[in-house]
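Notes follow once the structure below has been shown.
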Amino acid sequence: MSGPGGPRRPGGPGPDRHPGEEATDLLPPVYQSTPREPELLTHREDEVELEPFYDDEYDEELTEEEARVVRKKKIWRRVRRSTYMAFGLMLLAPVVAFAVAYQVVSVPDPEQVAAEQIKAIKILYSDGSEMTTIAAGEANRTLVKWEEIPDTIKEAVMAAEDPTFMTNRGFDMQAIARAAWYQLNGENSGGSGLTQQYVKDATDEDAATLSRKFTEAVTAYKMSEQQDKPAIMTAYLNTVYFGKGGYGIKTAAKAYFNLDDLSKLTHSQAALLAGMIQSPSRSEEPAYTLERWNYVMDQLLRFGWINDAYRQAEQFPTPVDQSTESGLSSPRLHIKNQVIAEMERVKWGVEKSQKMGVTVHTTIDPPMQQAAEDSVAEVLGNQPPELKTSLSAIDPQTGAVKAYYAGADGTGLDYARGTLQEAGSSFKPFDLVAALQKGKGLNTTYDGRSPKSFQLGGNAPLVIRNASDSGNTCGEKCPVSKAMALSLNTVFYEMVIEIGTQPVADAAYAAGIPKTVDVQGATHNLLVNENGGPPNVGIAIGGGEAQVRPFDMAAAYATFAARGVKHEPFFISKIVNDEGVPVHQHIDEPTPAFDADPTKSQDIADNVTEALKGVVKETKSIQCAGRECAGKTGTHELPDDAGQNSKAWMVGYTPSLSASVWVGRNEGNVALKDAKGNPVFGSGLPGQIWKKFMDKALNGTPPEPFPKAKLLGPATVEKPTPTTTVPTTTSDKKPDNDDKTTTTQQPTTTQQPTRPTTTRPCGIVGCQTTTPTTTPETDPIGGGNPGGGGGGGSSGGTSSGGGGLPTG
C-alpha cells in the first residue's frame, strides 16, 4: 500500500504492527505472486494474506553516495574471500601435487641403469664408412659395494657435488630456489645434489624446466625415504659418467689412472675424478681438468677432509695416455674429440647417446682427411720435431668440415681450436672488407712507400716498414689491389687509421671469427683491447689483438669463397637412433655476411677474392695446380730477433674448399727454423702444406673459376703526381736482406691521442709475452712482425709504443 510519502513496508500502522512498534525496514514489501498451499478448511480463503519478502539489494531510500559505499564494501568482501581462497590453494596445491607425485614416481634401480649404459656409439665418415666406435668401458662391469669404495672418493665427490649430502633429504631447497630464480631470469644454474643427479641421469631427463626439477626432487625425496645414504651414494658412484668412457667409479679409475684396486685411489686422484663429473666431455682439456682438480682440492680442504700440508704438497695427478683401442690413428683422435664436443652442444652427449646406441654421421671426407695427413707428413717429415702445425678444411657452400688435422699427437694440444695465434698479414683481408664497406675499392690508392712514420696521439712517431717491394715501386699512389698482392704494411696501416679499428673487427666477426671462444679452459673475448673496447691499430697488420684460432680462419675465408654468405662450420651432419631414425639433423642457416643486402655482401666478397687472387699469382710456390685459387700468407716476427718469426700462416680457398695452415711451436716466443736453419715464412712450410693439400684434395675435380667481380669504389687508379718533398735517408736495412741504405720520404699521419696497449698472451702452453720492435721481415710476399699500436705480428710492421685509434 502507498501513502503520500511513497511506498511503505510492513511495520507501519496495520494489522501486523503492535502498538508502539517502530518501523525498522525501509525497503518496500514485495508480495508473492503465487498463493500458499491450501490452508486447513477451518480457515477462510479470503482471510489468507500473501506473505511479503524483502530484497536487500534494493533500497530506494539510500542516497547515491551511500549506495556507492555499500557496493564498494561488497566488492572488497568478494576480493578478500577470493584472495583467501587463492592463498589457501597456493599452500595446498604443492602439497597435493607432491603427495600425488610421490605415489606415481618410481626410484630407478642402479643395476638396470648400469645395464642401459653399455650401448655403443658408432661414428661414421661422410661416405658412411666407420671412423670409430665409442663403447662404455668394461661393458660387463661389476657394480662395486659401499664397503669397496674408499673414503677418498666418497669425500671428493661430496666436496665437488653435494657437501650436505649426508644430512639433506635428497635435495637442497636453497640450491633449487637459486636454480628457479636463474631460470625465471632466462639463465642456467645447477641445483641438484647427488640424489637428484642420480635420478636425472637414470631417467635421462635433463630439460631445464621447473616441472622436471619438481619431479626430480620428489623422486629424490622418495629415494631418500626408502634407502639410506650409503645405498644412494653407491648407486650414484656405480652409474655416474666421469669422461674418457668411464661409467661408474671402477671404470673411471681404470680409464684415468689404470687402477683396478679402488683402495689405492688417493685424495688427489679422487679430486680429479670428482671434478670431471660436472662436464665429463671436457676430460681432454688440460686447463679445464687442472681447474676442476684445484677446485675440488680446495673444497676438500675447506670441509676438513684433507689438511693444508697435503694440499700444498700435492701435484696435479696426470691421467694415463688415452687408449687408442678405437682404431683411430693418433691425429684423428682430435676429430673424435671435436665430434664428442659437438654432440654435447646439440644435446646428444656421450652419456645420453650410449643409452640409445646412436650412430653419428660426420662431415669428414676420408680422401681429404688423408690428403691433409699426407701433406703434413711430406712437408714436415724431415723438419725439426719442435715445429707444430694444424690444417683445417671447410666446404664454403655448407660449412661442413671436410678435413681436420690438429696435431700429430691426438692426446695432446689441439693446435686448430685449442690455441690463439697472431694472424699476421693473413688478417689483412678483413681490413679490405671494412674499407669496401666504407666506399673504398681495389683502385683506391694509399702511399705504399716504406718506411713510413705515423704520429698516434702524444706517443713517439711510429715507424712502419714493408717487407716486400724494397724499391718502393708501388709508390705514393699505390692501389689497394697491388698493396694486397705485395702485402704492404704502410698501406693497410694508413687504411685502418682512416676507417677505424672497430669496423675491421666487425668485418672479421661477420666473416666467421667468433667474438668469444673457450681455449684451454678459459674464455677469451677476441679482437678487443685490454679493457674490452675497440682493438688497437696493430690489428691492421695482424698484430696486437688480432689473435685467432687457426680453425676459425678457415671458416672466415670460406665466407669469401661463398661470395659473402656465411655458413656456421659443423662436424656432425646427423645423429640417428638404433632404428635409423634421425634424432638430430644439422640445419644450415646461411646469412649474408657483409651487408644485409645479399647482392652487396656478394660484391664485397668478390672484391676480396679478386685481391687475394693477386697474392697467389705473385708467388708461384703457392699456386694451385691447374685451377684458380685465392689466399693470403702471414707471419708473426719476434721482436728482438730480426727476420725470425714465431708463427707462420697460409690461408686460401677455391669456390669449393677453404683451408687454413698454421705452423708454430709450443713456446710462443721462439724462432721458427727449418731443417736448414732458415727462418720460416708463410709462403714456406705453411704454403707448401697448403698447396699439397689443395692439389691432393681437389685432384680429379673440374677447375672452378671464380665469378667475375663487380669492382667497388673508384673505377680507375689515381695517377701519381710529381713531388718535390725532400726525401729522408735512413740507414735501416732493407727488406730481403739488402744492406744498402734506402732513400725515401717519411710522411707523417697525425691522429687523436690513443690508449696505451699491453701485449696479450699468445694462447700456447708455455708461451711468454713479448714486446714488439721495429725490425722488418724478409718474407718475399709479406709475412708479419709485430705491428704498431700494441704490438703483434705482421709483415715488416714496427712498433715503438702507440695505442688505439678512433674507431670510426
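In the stretch 611-630, which residues are acidic (Asp, Glu) and either in contact with a strand residue (DSSP E or B) (Cβ under 6 Å, 6 or more places away or on another chain) or within 15 Å of residue 709 (Cβ to Cβ) (or both)? Passing the criteria: only 628.
Given the structure, is residue 568 without any contact (Cβ under 8 Å) to a residue 60 or more places away in the chain, of a type in the set (Asp, Glu), assigned to a loop (DSSP other than H, G, I, E, B) and under 16 Å from residue 401 (Cα atoms)? Against the criterion (without any contact (Cβ under 8 Å) to a residue 60 or more places away in the chain, of a type in the set (Asp, Glu), assigned to a loop (DSSP other than H, G, I, E, B) and under 16 Å from residue 401 (Cα atoms)), residue 568 does not qualify. Screening the candidates 528, 496, 517 for the property of being part of a strand (DSSP E or B) and either surrounded by fewer than 24 Cβ atoms within 10 Å (Cβ to Cβ) or touching a residue at least 12 places away in the same chain (Cβ under 8 Å) (or both) yields one hit, 517. Across the stretch 639-653, the qualifying residues are those that are touching a Pro at 6+ places or on another chain (Cβ under 9 Å), buried (at least 24 other Cβ atoms within 10 Å of the Cβ) and not aromatic (Phe, Trp, Tyr), and the one among them that is farthest from residue 485 (Cα to Cα) is 645.
If residue 506 satisfies all but one of (1) within 26 Å of residue 713 (Cα to Cα); (2) open to solvent by 10 Å² or more (accessible area, probe 1.4 Å); (3) in contact with a Ser or Thr (Cβ under 9 Å, 6 or more places away or on another chain), what's the number of the condition it fails? If we test residue 506 against (1) within 26 Å of residue 713 (Cα to Cα); (2) open to solvent by 10 Å² or more (accessible area, probe 1.4 Å); (3) in contact with a Ser or Thr (Cβ under 9 Å, 6 or more places away or on another chain), just (3) comes out false. Among the residues of this structure, residue 128 counts as one that is surrounded by fewer than 17 Cβ atoms within 10 Å (Cβ to Cβ), at pLDDT 70 or above, of a type outside the set (Asp, Glu) and part of a loop (DSSP other than H, G, I, E, B).
Number of residues in the stretch 369-390 that are under 27 Å from the mean Cα position of the chain (by Cα) and in a helix (DSSP H, G or I) equals 2. Across the stretch 403-443, the number of residues qualifying as open to solvent by less than 20 Å² (accessible area, probe 1.4 Å), of a type in the set (S, T, N, Q) and not in a strand (DSSP E or B) comes to 3.
Listed here are the residues, each with its yes/no results for (1) of a type outside the set (D, E, K, R); (2) under 16 Å from residue 424 (Cβ atoms); (3) at pLDDT 95 or above.
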site: 613; (1), (2), (3): no, no, yes
site: 619; (1), (2), (3): yes, yes, no
site: 635; (1), (2), (3): yes, yes, no
site: 641; (1), (2), (3): no, yes, no
site: 650; (1), (2), (3): yes, yes, yes
site: 656; (1), (2), (3): yes, no, yes
site: 659; (1), (2), (3): yes, no, yes
site: 674; (1), (2), (3): no, no, yes
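Considering the stretch 256-351, the qualifying helices (runs of 4 or more DSSP H), each wholly inside and each with 1 or more residues that are modelled with pLDDT under 90 and surrounded by 14 or more Cβ atoms within 10 Å (Cβ to Cβ), run over 286-302.
The sole residue among 632, 613 that is in contact (Cβ under 8 Å) with a residue 40 or more places away in the chain and assigned to a helix (DSSP H, G or I) is 613.
The values are calculated or read from the model by the stated rules, or taken from the named source; none is laboratory data. All values reported here derive from a predicted model rather than from experimental measurement. Cβ: placed from backbone, ideal geometry, glycine included. Neighbour counts: every protein chain shown. In case anyone asks, the SASA skips ligands and DNA or RNA and just uses the protein heavy atoms, side chains included. Shrake-Rupley method; radii C 1.70, N 1.55, O 1.52, S 1.80 Å.
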